[in-house]
Amino acid sequence: MQNLILKNYSTSQLQWLIRFSVLAIILLILFLGFGHKTHANENTSVTVSVPTLNVRASAEISASVIDKIHEGETYTVIKTSGDWDQIQVTNQETGWVANWLVKETKASTDTNEKVTVTSKVKGLNVHTANDFNSNVIGQINPSKSYPQLQDGGKLVQIQTQQAKGWVAAHLVNRQTVQDTKPTKATVQAPILNVREQPGISYGVIAQLKSGETITLTAESNGWGQINIEGKEGWISEQYLSKQPSQPTVTKAAQTSKASKVAVQKNEKPKTKSNDHKTPDHQQTNTLSGKTIVLDPGHGGKDNGTTSINGVHEKQLTLETANKVAAKLKAAGAHVILTRTNDTYIPLQKRTEISHEDHADAFISLHYNYSQYPYVKGLQNFYYNQSRDGALASALHDALIKETGLSDRGDGYNNLYVLRNNSQPSTLIELGFLSNKTEETVVENDTFREKVAQGIYQGLLNYFSR
Ligand SMILES: [Zn+2]
């Protein structure tokens, strides 16, 4: 083939062609090597932003198509060359995509949150790629949890002992592991196993003895993370006594209500919510006698997340809380805000306010952020299902109805202001500041009116149970 082409050229033409080719190759090497910054960052990933995207064998539009990927799917970027990203399509396959057809997914601002994935079903298939049609490389069972690597929408990527793989998002439970401020604790059991992951099914990597003091760096559903001999390990918190002692106000409030009321000098006397339940359980339109603590998330040096437009979460939570407060006050409630201006209030102080004021409901207001721009919706969290579940779901249902945001459900989350609260409490994530459409909605004053109406209606429903 080559000879066939070459034989048509004269010697001088051929020499020129060779020189030109050598020059072109040198230029190409310079261009690839120095002209473009190569992203060595292994954490960069991209999400497909068109319905179908061709994956090509090399970084040019004329290169052959080796695969097709789909909107919303997320892939890790191996390197970048000009306008092209080389991505890891499956464990075996890499390919090039035009980077004007994908969105780079920034790392989440909530870097202190990790997610673990547990299957809801036996024998859940693990796929090689973010695609139900990709090969199955194994199966997982509900007995074990795995760290989540990426949220790809319909599938999530996990790390199993053997490999990275993708499982159906709707068939797994996902739990957020919250890094906490280091807390000291003392071992109470004669021997306490340190495990690889939070759960009794995981391997034991070390043991602690009664009386040993350790520092917890993260917590997940009753398990605490510690560092031991340079490795991360997990211990059951039920055998620990924490040193900054947990609030014991629940008990105090039940056993010595009189003394508690006396402590509150300037406040009007409070009564427990049960005393105010309407005798016939009929709904009224008044919140008279109820103490509601509203907690505008973040503040001061803590901005929370930042929207695409550059608005800080701390500003939106305060504006929202003010609207909600006005609505609830008008309905007769005694409303307390954990902050009324742009100041930093430690989480501990926020829960103390809830305790001291014997909140009938503690409501923490937040706005959410995801590295995946398509993620949207409203979500409520509780820590203690029996104490907080009814409040969380009453507010959740009313807010979904009033605001019309997508429903991300209500569920357990190990969040400080809930975990360390003695009062019925919920934390509401009022939509995603990382989603273009939702951001525009939630930054509008009309939205805050709807939130106020939703919380008011939700509280009426809750107290009228
Ligand atoms: Zn927040």
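The values are calculated or read from the model by the stated rules, or taken from the named source; none is laboratory data. Keep in mind that what you see is a predicted model, and the values were worked out from it rather than measured. FYI the Cβ positions are ideal-geometry reconstructions off the backbone, even for glycines, and counts take in every protein chain you see.
When you scan the range 32-121 for strands (runs of 3 or more DSSP E) that lie fully inside it, which ones turn up with 2 or more residues that are modelled with pLDDT of 85 or more? Let's see the steps before the verdict.
Working: elements: 45-48, 52-56, 65-70, 74-81, 84-88, 94-98, 102-105, 113-119.
Strands (runs of 3 or more DSSP E) meeting the threshold: 52-56, 65-70, 74-81, 84-88, 94-98, 113-119.
When you scan the range 332-449 for strands (runs of 3 or more DSSP E) that lie fully inside it, which ones turn up with 1 or more residues that are more than 15 Å from the ligand (Cβ to nearest atom) and charged (D, E, K, R)? So that I can check it myself, show each step before the final result.
On the way: elements: 334-337, 361-368, 378-382, 407-412, 425-432.
Correct list: 407-412.
Could you tell me whether Ala321 is over 20 Å from Arg465 (Cβ atoms), of a type in the set (Gly, Ala, Ser) and surrounded by 18 or more Cβ atoms within 10 Å (Cβ to Cβ)? So that I can check it myself, show each step before the final result.
Working: over 20 Å from Arg465 (Cβ atoms): yes; of a type in the set (Gly, Ala, Ser): yes; surrounded by 18 or more Cβ atoms within 10 Å (Cβ to Cβ): yes.
It is true that Ala321 is over 20 Å from Arg465 (Cβ atoms), of a type in the set (Gly, Ala, Ser) and surrounded by 18 or more Cβ atoms within 10 Å (Cβ to Cβ).
From the set of residues in the range 202-232 that are within 28 Å of the chain's Cα centre (by Cα) and farther than 21 Å from Asn414 by Cα, which is surrounded by the fewest Cβ atoms within 10 Å (Cβ to Cβ)? Working first, answer last.
Narrowing the range 202-232 to residues within 28 Å of the chain's Cα centre (by Cα): 202-203, 214-228, 230-232.
Next cut, farther than 21 Å from Asn414 by Cα only: 203, 228, 230-231.
Numbers: Gly203: 10, Ile228: 14, Gly230: 5, Lys231: 11.
Of everything passing the filter in the range 202-232, Gly230 is surrounded by the fewest Cβ atoms within 10 Å (Cβ to Cβ).
So, of the residues in the range 301-341 that are under 24 Å from the mean Cα position of the chain (by Cα) and aliphatic (A, V, I, L, M), which turns out to be nearest to Ala359 (Cα to Cα)?
By that ranking, first place goes to Ala321.
Mind checking whether some residue in the range 311-330 is within 16 Å of the ligand (Cβ to nearest atom), over 25 Å from Asp388 (Cα atoms) and touching a residue at least 40 places away in the same chain (Cβ under 8 Å)?
Yes.
From the list Ser354, Ser393, Ser370, which one is hydroxyl-bearing (Ser, Thr, Tyr), crowded, with 18+ Cβ neighbours inside 10 Å and closer than 23 Å to Ser288 by Cβ? Give the derivation first.
Values: Ser393 fails: closer than 23 Å to Ser288 by Cβ; Ser370 fails: closer than 23 Å to Ser288 by Cβ.
The unique qualifying residue is Ser354.
Take the residues in the range 137-179 that are part of a loop (DSSP other than H, G, I, E, B) and touching a residue at least 40 places away in the same chain (Cβ under 8 Å), then tell me which one is surrounded by the most Cβ atoms within 10 Å (Cβ to Cβ). So that I can check it myself, show each step before the final result.
At the first step, the residues of the range 137-179 found to be part of a loop (DSSP other than H, G, I, E, B) are 141-144, 152-154, 160-163.
After this cut, where a residue has to be touching a residue at least 40 places away in the same chain (Cβ under 8 Å) as well, the list is 143-144, 152-154, 163.
Numbers: Ser143: 12, Lys144: 16, Gly152: 21, Gly153: 18, Lys154: 15, Ala163: 12.
The residue in question is Gly152.
Please indicate, with yes or no, whether at least one residue in the range 16-31 is part of a helix (DSSP H, G or I), modelled with pLDDT of 60 or more, of a type in the set (A, V, I, L, M, F, W, C) and touching a helix residue (DSSP H, G or I) at 6+ places or on another chain (Cβ under 9 Å).
Here is the first cut: in the range 16-31, the ones part of a helix (DSSP H, G or I) are 16-31.
Remaining after also requiring modelled with pLDDT of 60 or more: 16-22, 24.
Next, from what is left, pick out any that are of a type in the set (A, V, I, L, M, F, W, C): 16-18, 20, 22, 24.
Among the residues that remain, those that are also touching a helix residue (DSSP H, G or I) at 6+ places or on another chain (Cβ under 9 Å) are: 17.
Yes.
Of the conditions (1) more than 21 Å from Lys114 (Cα to Cα); (2) surrounded by fewer than 20 Cβ atoms within 10 Å (Cβ to Cβ); (3) of a type in the set (D, E, K, R), Arg448 clears all except one; give me its number.
Among (1) more than 21 Å from Lys114 (Cα to Cα); (2) surrounded by fewer than 20 Cβ atoms within 10 Å (Cβ to Cβ); (3) of a type in the set (D, E, K, R), Arg448 violates only (2).
Here are the criteria: (1) surrounded by fewer than 21 Cβ atoms within 10 Å (Cβ to Cβ); (2) in contact with a Phe, Trp or Tyr (Cβ under 8 Å, 6 or more places away or on another chain); (3) under 30 Å from Val46 (Cβ atoms). Tell me which single one Asn435 does not satisfy.
Going through (1) surrounded by fewer than 21 Cβ atoms within 10 Å (Cβ to Cβ); (2) in contact with a Phe, Trp or Tyr (Cβ under 8 Å, 6 or more places away or on another chain); (3) under 30 Å from Val46 (Cβ atoms) one by one, Asn435 breaks only (1).
Give Glu402, Glu438, Glu429, Glu443 a once-over and let me know the one that is out of contact with any helix residue (DSSP H, G or I) (no Cβ under 8 Å at 6 or more places or on another chain) and over 30 Å from Lys242 (Cα atoms). Before the answer, list the steps.
On the way: Glu402 fails: out of contact with any helix residue (DSSP H, G or I) (no Cβ under 8 Å at 6 or more places or on another chain); Glu429 fails: over 30 Å from Lys242 (Cα atoms); Glu443 fails: out of contact with any helix residue (DSSP H, G or I) (no Cβ under 8 Å at 6 or more places or on another chain).
Sole residue among the options that is out of contact with any helix residue (DSSP H, G or I) (no Cβ under 8 Å at 6 or more places or on another chain) and over 30 Å from Lys242 (Cα atoms): Glu438.
When you scan the range 59-82, how many residues do you find that are among the charged types (D, E, K, R) and in contact (Cβ under 8 Å) with a residue 24 or more places away in the chain?
4
Can you confirm whether Ile353 is out of contact with any Ser or Thr (no Cβ under 8 Å at 6 or more places or on another chain), touching a residue at least 12 places away in the same chain (Cβ under 8 Å) and farther than 25 Å from Ser220 by Cβ? Even if it seems obvious, please write down each step before you answer.
On the way: out of contact with any Ser or Thr (no Cβ under 8 Å at 6 or more places or on another chain): no; touching a residue at least 12 places away in the same chain (Cβ under 8 Å): yes; farther than 25 Å from Ser220 by Cβ: yes.
Taking the combined requirement at face value, the residue does not satisfy it.
Name the pairs whose Cβ atoms lie under 8 Å apart, with the first residue in the range 225-237 and farther than 20 Å from Val115 by Cβ, the second at pLDDT below 85 and outside any strand (DSSP E or B), and 6 or more positions between them or separate chains?
Close Cβ pairs (under 8 Å, with a partner that is at pLDDT below 85 and outside any strand (DSSP E or B)) amount to Ser236/Ile200; Ser236/Gly222.
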